[in-house]
Amino acid sequence: MLQALEAPNMTFWAERVDLAAAFRWTARLGMHEAVANHFSLAVNDDGTQFLMNPNQRHFSRIRASDLLLLDANDPATMDQPNAPDPTAWGLHGAVHGACPQARCLMHVHSRYATVLAALADSTLPPIDQNTATFYRRHMVDEEFGGLAFEAEGARCAALLTDPKVKTLIMGNHGVLVIGDSVAETFNRLYYFERAAETYVLALQTGRPLRVLSDEIAEKTAQELEAYPDQAEKHLAELKAILDDEASNYAS
């Protein structure tokens, strides 16, 4: 990738480029919300140091060099002149500090995920291949407590103890997905929004749902988890499209 070869002398450049591409594509899909919402990526072994988008920057303009390098254990973070958004710090700092398995976090208020989060029952039934991806692999936060400042972030972090659960439907709020890499997490975010869209549109027909059996839903989820290299190839193709368009995301 030619643009990455022209990178300034910054740490974690490849990780920055991947995360910037995810921001750009999320905006292109309309899954962002104004200058809110946040992505982060851990860069040290225990996950406490992480890259995150700067405060109030539109996803469609974020470049690799714009990303903040933060430390979940630094109490002076919010006193710095380039401090992150306080709700981003509250949520992502808490999760990175408490959940080392959450290497990458993506939180959005995307349309269909948020509709799902607004239902009295926000669980996602397995009615097709995409929804089956999340069978017994998501949970619903039933205790929304307002904006995700530090106390709310810590409460959400405490919900992510099951290593099988990598999608948190934040009731009355939106969705938080976690993963081992930018590629894996963005792929999960993309397919969760598609799954939520299918479910919401199916509900709108008012007709009975064709729900998969537990056995087939679990089999499908396992098959998708084992499917080779899909997430990595998905992100690579998105970066190739951005490169073809001469985007400055990798600058």
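Bear in mind these aren't lab numbers, they're just calculated from the coordinates by the rules spelled out. Values in this document were obtained by computation on a predicted structure and should not be read as measured data. Ideal geometry is used to build each Cβ from the backbone, glycine not excepted, and the neighbour counts take in all protein chains shown.
Considering only DSSP beta bridges with both partners in the chain, what is the antiparallel share in %, to the nearest 5?
The antiparallel proportion sits near 85 percent.
Report the FRET efficiency, 1/(1 + (r/R0)^6), for ALA240 and LEU29, where r is their Cβ-Cβ distance and R0 is 25 Å, rounded to 0.05.
Efficiency, from the Cβ-Cβ distance: 0.90.
So how far, in whole Å, is the C-alpha centre of segment 149-188 from the one of segment 196-251?
Taking the Cα centre of segment 196-251 as reference, the centre of segment 149-188 is 17 Å away.
With only Lys, Arg, Asp and Glu charged, each at its Cβ (+1 for the first two, -1 for the last two), find how big the charge dipole of the chain is about the Cα centre; round to the nearest 20 debye.
580
Amide H to amide H, which residues 5 or more places from GLU33 or on other chains are under 5 Å from it, using H placed in the peptide plane?
Here the answer is HIS109, since their amide H atoms fall under 5 Å of that of GLU33.
Would you calculate, for the chain, the mean residue ellipticity at 222 nm contributed by helices, counting each DSSP H stretch of 4 or more residues as -39,500 (n - 2.57) and dividing by all residues, to the nearest 500?
The helix-only estimate for the chain comes to -11000 deg cm²/dmol at 222 nm.
Could you work out the relative contact order of segment 44-175? I mean the mean sequence separation of Cα pairs under 8 Å and 6+ apart, divided by the number of residues, in percent.
The normalised contact order for segment 44-175 reaches 27 percent.
How would segment 177-217 be classified by its alpha-carbon gyration tensor: rounded, prolate or oblate, with rounded meaning a/c under 1.5 and the a/b versus b/c comparison settling the rest?
oblate
Gain in length, ASP74 to ARG136, computed as 0.36 nm per residue apart minus the alpha-carbon separation, to one decimal in nm?
18.8 nm
Under the classification rounded if a/c is under 1.5, otherwise prolate if a/b is larger than b/c and oblate if not, where does segment 148-251 fall, given a ≥ b ≥ c as square roots of the Cα gyration tensor eigenvalues?
Because a/c hits 1.5 or more and a/b fails to exceed b/c, segment 148-251 counts as oblate.
Within the set of other residues whose C-beta is less than 9 Å from the C-beta of VAL165, count the net charge using Lys and Arg as +1 and Asp and Glu as -1.
+3
Based on the mean of other beta carbon atoms within 10 Å per residue, what is the order of 226-239, 21-34, 151-164, most packed first?
Ranked by mean Cβ neighbours within 10 Å, highest first: 21-34, 151-164, 226-239.
Around ALA183, what is the net charge, scoring Lys/Arg as +1 and Asp/Glu as -1 over all other residues with Cβ under 12 Å from its Cβ?
Within the 12 Å Cβ shell, the charges total -3.
Can you work out ³J(HN,Hα) from phi for every residue in segment 119-134, in order, using Karplus 6.51 cos²θ - 1.76 cosθ + 1.60 and θ = phi - 60°, giving whole Hz and x for Gly and Pro?
7, 4, 10, 9, 5, 10, x, x, 10, 7, 5, 5, 5, 5, 3, 9
With θ set to phi - 60°, apply the Karplus curve 6.51 cos²θ - 1.76 cosθ + 1.60 along segment 75-80 and write out the HN-Hα couplings as whole Hz, x wherever there is a Gly or Pro.
x, 8, 3, 6, 8, 7
Report relative contact order for the chain in percent, whole number only (criteria: Cα-Cα under 8 Å, sequence separation at least 6).
About 25 percent, as a whole number.
I want to check the label-to-label distance for HIS58 and VAL211. Put each point 7 Å from Cα in the C-beta direction and report it in nm to one decimal.
Taking the two extended label points, one gets 4.2 nm.
Below 14 Å, Cα to Cα, which aspartates and glutamates can LYS233 reach? Residues fewer than 8 away in the same chain don't count.
Leaving aside aspartates and glutamates fewer than 8 places away in the same chain, those within reach of LYS233 are ASP18, GLU184.
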